[in-house]
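Report on the following structure.
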Amino acid sequence: MWSVTRPLLQECTLACYRLLSAMTQAVPPILSITPSRALVDEKFQVLVENLPPGCPVTLHSLHHSEDKDDWEAYGHYVSDHRGVVSVTEDLSFGGTYTGKEPMGLLWSMRPVPGSREGLRLRKINVCTPMLVNISVHSGHEDFRDRTPLASALAERWYMAPGVKRIDINKQGVQGTLFIPPGPGPFPTLLDMWGGGVGLLEYRSALLASRGYVSFSLDYLRSEHLSADVEFKYFETAFNIIRNHPQVIPDRVGILGISLGSTVAFNLTAYSTIIKPRCIVCISSNHYHPPGTTLKAGFKILSKYVLLTVCHENLMIIQIIVTNMYHRHFHKAHFDENNYMSWRSFGLDLIADPSNNVEVGRINCPMLLVNGCDDQNWPTVETAEEVARLLREGGKEHLLSRLAYPGAGHLIEPPFSPHFRATKFIILNSKKKVILLWGGHTKAHSDAQEDSWRKILSFLQLHLYHSPSVKAKL
Amino acid sequence: MDRKQYCVKLSVQPSRGLMDEKFIVLVQNALPGSQLTIRALHQCEDGHSWEAFGHYTADTTGTINVSEDPSIGGTYSGVEQMGLLWSFRPIPGSKSGLRMRKKNIQTPMEVTISVYQGHQTEGFADLVPLSGVAVERWYMAPGVRRIPVTEGGLTAALFLPSGPGPFPGLLDLWGGGGQLVEYRAALLASHGFASMAIDYLTAKITMETGKMVDNQYFETAYRVLQQHPQVCGSKIAMIGLSFGTSITLKMAVYSEVIKLSAAVCISGSHVQPVDGSVEEILRFFQKNGEKTRFSEKNEVIWRDLLLPIPTDPSLKVNVGRLQCPLLLVVGEDDQNWPSQESALDIKEMMARAGNSHLLTVLSYPNAGHLIEPPYTPHARSSTLKTVEIEEKVMCLWGGQTVEHSRAQEDAWKKMVVFLKENLYGGRNPTSFSHL
């Protein structure tokens with residue numbers, strides 16, 4: 001059907017060009033973004049007016065990142081009889097997204113052609129907004145050949161007005177604290193990222209903008225001598241937060257993604273001091289052999305990856321590794337693009353229950369969020385295992401699970417671009433691999449949007465609501 | 001009530017909005033049926049504090065949605081989505097005659113919105129709110145640029161929308177208080193118009209030489225705007241409020257240089273000596289000074305100075321010669337200018353001349369003189385220092401707050417549509433035949 005309509009489209013396009021160039025001597029179209037300043041999890045409406053009717057145009061978004069890369073998304077549209085294109089109401093017929101996608105210009109962003117491989121878009125400085133330039137161009141396939149007809153700038157903020165950002169360095173605990181505006185005190189979250197990155201603040205900033213004190217804990221920076229010392233670090237961190245004047249001490253929860261979820265499970269299952277009111281585990285990982293530290297585990301994982309990379313011509317590698325990862329594996333998997341997946345070897349690791357956190361001991365409400373196409377870790381199997389253990393303990397009512405088909409490992413706040421695979425720098429070496437996270441862009445973006453809303457709803461129920469209400473999600 | 005049991009959650013969406021954008025104020029998780037006060041607080045640039053508040057009752061889910069639920073008391077009542085902004089008034093104990101106007105439009109207006117236990121009417125400073133959020137209200141959208149203009153002896157500021165352009169242009173004039181008032185031009189630029197705010201009463205050249213500007217000053221402004229590479233020279237409009245209306249009508253009808261695509265005249269009149277310069281027009285008003293009246297509170301009422309509307313054609317802009325669409329905005333309770341009587345006379349003149357198809361009149365009962373962008377608080381009177389009088393007077397502008405605020409919201413919306421239709425062209429009927 002597309003090939004039948006194309007010549008007609010070209011004719012329309014030509015007529016429109018003529019009309020548009022005549023018009024631009026007069027006046028151009030108007031592109032508006034409402035609201036022009038918003039939080040990153042808020043939707044916007046992109047509207048183009050004053051086009052000729054039935055005119056093929058392309059809506060194009062462009063963002064210049066802190067790492068100095070350019071990211072873009074675009075959709076092909078046709079204006080209606082009034083000369084209007086509404087990204088909220090109309091369908092995109094091609095580009096980086098198709099169909100009715102009000103936020104497609106954000107979530108389908110990808111590095112512009114010619115960019116380096118394996119890039120990931122994450123904001124480090126959360127005090128300033130992400131600037132996105134949205135423009136409208138005439139035509140579809142060849143839209144880049146022409147200068148834009150109109151454009152507007154959108155600001156996307158992680159921090160709402162009045163949110164305070166405070167560096168914490170107390171009793172050896174390091175991280176960043178975000179406090180919502182208002183008298184307080186507030187329900188609070190201990191927010192933990194995964195491994196392999198520096199301290200990421202943006203989710204905490206966003207949670208504070210939604211009314212929670214949120215502490216983004218830096219837990220992989222320093223070396224802990226033993227598992228006990230490491231455990232104490234987390235307990236100390238939790239206590240520092242719980243005792244903060246702006247925090248309601250019995251309304252503290254834990255939110256963790258990937259390795260951060262391991263911390264959440266570990267603390268909640270074993271700590272005698274810390275009793276989180278609820279926990280949210282995204283892309284859950286409960287692998288944590290007793291007596292090991294997270295950092296050591298992570299280092300070994302990285303060493304393994306390093307060894308694998310040195311033997312990258314081999315599809316299957318057998319490696320004998322000292323310490324804890326001995327006999328049980330290792331099959332490194334490289335996909336057709338030569339991206340590395342840790343999923344299968346993770347499956348082998350968690351097969352032995354003695355390696356895993358005894359999640360059956362957990363006594364608080366728990367929300368698990370997984371992508372079914374997670375290629376980084378067997379998080380779906382982990383979630384199922386958690387469900388089974390809780391069921392056996394008669395605690396199934398504590399658990400809520402969200403499993404998204406087609407979503408990968410990195411389930412982030414909504415409308416941020418999806419990364420199926422990104423560059424990963426191995427600790428203490430200069431080696432970089434391209435690590436596979438999984439997920440297909442549209443399904444993954446839908447999962448991000450849906451899960452964020454449900455995570456906030458879960459947190460509101462358990463941290464804001466009266467304790468006498470015992471409803472499930 | 002155990003505070004810990006009910007963590008009231010307050011949110012305002014969007015938390016950063018343009019001055020003419022609506023927001024949704026939501027209270028959640030309150031004790032069902034509880035009485036709460038939602039209050040807005042703003043400290044303006046000159047240090048005065050303003051407040052607005054509404055009394056609400058949480059529903060069975062513990063929720064209050066200001067855009068759906070009625071306020072049963074406070075500075076506004078009923079279902080008023082934006083009541084927390086337009087009903088702002090100086091806090092108790094403030095001096096009288098204040099008017100809220102932002103000078104620095106590159107920073108946002110910051111408003112704190114809080115929710116308090118019970119139906120409170122005073123003493124808020126001594127109460128601890130249950131929750132509070134910070135809200136920003138901007139005159140400038142992201143990407144809008146402010147460019148000071150001094151060429152040709154002008155004292156002006158040009159606001160350019162973001163994007164390649166070219167954009168239709170707008171000359172923006174205020175009234176007898178003088179100064180360079182930028183906020184309306186900044187907001188109109190955020191809607192896609194290259195807007196130039198002009199100071200024509202206290203311009204640098206006037207302050208230095210003591211001489212008022214002549215008619216060429218406005219023509220210079222028009223030329224500067226027209227020649228700007230990002231301005232569509234053939235699509236320029238003019239907007240004037242109060243005395244700014246006098247200038248706008250004069251230029252629209254008599255200027256050989258200024259060719260307007262549209263004109264918007266708010267709270268003004270066509271009555272003036274038609275050959276007069278700015279100075280001569282002001283002197284004409286002063287001549288009628290004995291017609292000044294005073295209210296019981298000793299506020300100055302100047303609406304009679306131009307009444308009755310003269311029949312002498314040399315004392316009225318000949319609007320029958322107008323060739324562009326004209327939007328007149330009138331507050332029927334205008335105590336400062338006879339804008340309603342003038343509008344009626346303009347209508348008659350244009351009907352006789354056969355160009356009344358160009359005229360649209362928006363007339364608002366109980367609205368006063370200062371018809372500003374929406375959600376700006378209403379000042380029924382305020383202190384004013386005009387260029388003619390040395391000391392400040394308390395000037396009665398008129399208007400009842402609720403109706404005046406509705407008028408502001410409605411007039412602004414219609415004004416932007418009017419400007420868009422006349423400056424952005426709508427559709428040229430012949431273009432359809434090509435497709």
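The values are calculated or read from the model by the stated rules, or taken from the named source; none is laboratory data. Just so we're clear, the structure is a prediction, and the values are computed from it rather than from any experiment. Positions of Cβ are backbone-derived with ideal geometry, glycine not excepted, and every protein chain shown enters the neighbour counts.
Within the range B:104-152, being more than 14 Å from chain A (Cβ to nearest Cβ) and crowded, with 16+ Cβ neighbours inside 10 Å holds for B:I105, B:H119, B:Q120, B:R146, B:V149. Being out of contact with any His (no Cβ under 7 Å at 6 or more places or on another chain) and either over 23 Å from B:A379 (Cβ atoms) or surrounded by fewer than 20 Cβ atoms within 10 Å (Cβ to Cβ) (or both) is true of B:V271.
When the range B:158-198 is filtered for residues that are surrounded by fewer than 24 Cβ atoms within 10 Å (Cβ to Cβ), more than 11 Å from chain A (Cβ to nearest Cβ) and out of contact with any helix residue (DSSP H, G or I) (no Cβ under 7 Å at 6 or more places or on another chain), the ones remaining, listed by number, are B:G177, B:G178, B:Q179, B:L180, B:V181, B:Y183. Evaluated against (1) surrounded by fewer than 23 Cβ atoms within 10 Å (Cβ to Cβ); (2) assigned to a strand (DSSP E or B), B:T61 falls short on exactly one condition, (2). Only one entry of A:E141, A:E89 meets the criterion of being of a type outside the set (S, T, Y), modelled with pLDDT under 95 and more than 19 Å from the chain's Cα centre (by Cα), and that entry is A:E141. Of all residue pairs spaced 6 or more apart or on separate chains, those with beta-carbon atoms under 8 Å, a first member in the range B:15-40 that is over 15 Å from B:V133 (Cβ atoms) and a second member that is part of a loop (DSSP other than H, G, I, E, B) and acidic (D, E) are B:P32/B:D59; B:G33/B:D59. For the residues B:S114, B:S96, B:S87, B:S77, the requirement of being in contact (Cβ under 8 Å) with a residue 60 or more places away in the chain, touching a strand residue (DSSP E or B) at 6+ places or on another chain (Cβ under 6 Å), closer than 22 Å to B:I371 by Cα and polar (S, T, N, Q) singles out B:S87. List the number of the failed condition for A:S261; all other conditions in (1) closer than 23 Å to A:N370 by Cα; (2) surrounded by fewer than 24 Cβ atoms within 10 Å (Cβ to Cβ) hold. Here A:S261 clears every test but (2). Number of residues in the range A:163-189 that are away from every other protein chain (no Cβ under 11 Å) and part of a loop (DSSP other than H, G, I, E, B): the value is 2.
Evaluation of A:L207 against the conditions (1) within 22 Å of A:L390 (Cβ to Cβ); (2) in a helix (DSSP H, G or I); (3) within 14 Å of chain B (Cβ to nearest Cβ) shows that the sole unmet condition is (1).
Could we say that A:R120 is within 21 Å of the chain's Cα centre (by Cα) and outside any strand (DSSP E or B) here? Spelling it out, A:R120 is indeed within 21 Å of the chain's Cα centre (by Cα) and outside any strand (DSSP E or B). Given the structure, is A:A160 in contact with a Leu (Cβ under 7 Å, 6 or more places away or on another chain), assigned to a loop (DSSP other than H, G, I, E, B), at pLDDT 95 or above and within 14 Å of chain B (Cβ to nearest Cβ)? Against the criterion (in contact with a Leu (Cβ under 7 Å, 6 or more places away or on another chain), assigned to a loop (DSSP other than H, G, I, E, B), at pLDDT 95 or above and within 14 Å of chain B (Cβ to nearest Cβ)), A:A160 qualifies. Consider the range B:404-428. How many of its residues are in contact (Cβ under 8 Å) with a residue 60 or more places away in the chain and out of contact with any Lys or Arg (no Cβ under 6 Å at 6 or more places or on another chain)? Count: 16. Based on this model, can you work out whether B:S342 counts as part of a helix (DSSP H, G or I), in contact (Cβ under 8 Å) with a residue 24 or more places away in the chain and in the same structural domain as B:G177 (by the TED database)? Spelling it out, B:S342 is indeed part of a helix (DSSP H, G or I), in contact (Cβ under 8 Å) with a residue 24 or more places away in the chain and in the same structural domain as B:G177 (by the TED database). Here the range B:280-303 is the region considered, the condition is being within 25 Å of the chain's Cα centre (by Cα) and under 23 Å from B:L249 (Cα atoms), and the residue that is surrounded by the most Cβ atoms within 10 Å (Cβ to Cβ) is B:W302.
A residue that is closer than 26 Å to A:D450 by Cα, of a type in the set (S, T, N, Q) and within 14 Å of chain B (Cβ to nearest Cβ) can be found somewhere in the range A:133-147.
Take A:F424 and tell me if it is in contact with a Leu (Cβ under 6 Å, 6 or more places away or on another chain) and modelled with pLDDT under 85. When the stated conditions are applied, A:F424 passes them.
The listed residues are B:V317, B:V300, and the only one of them that is closer than 18 Å to B:A263 by Cβ, of a type in the set (A, V, I, L, M), touching a residue at least 60 places away in the same chain (Cβ under 8 Å) and in contact with a Leu (Cβ under 8 Å, 6 or more places away or on another chain) turns out to be B:V317.
Exactly one residue out of A:A237, A:A227 is touching a helix residue (DSSP H, G or I) at 6+ places or on another chain (Cβ under 9 Å), touching a residue at least 24 places away in the same chain (Cβ under 8 Å) and among the aliphatic types (A, V, I, L, M): that is A:A227.
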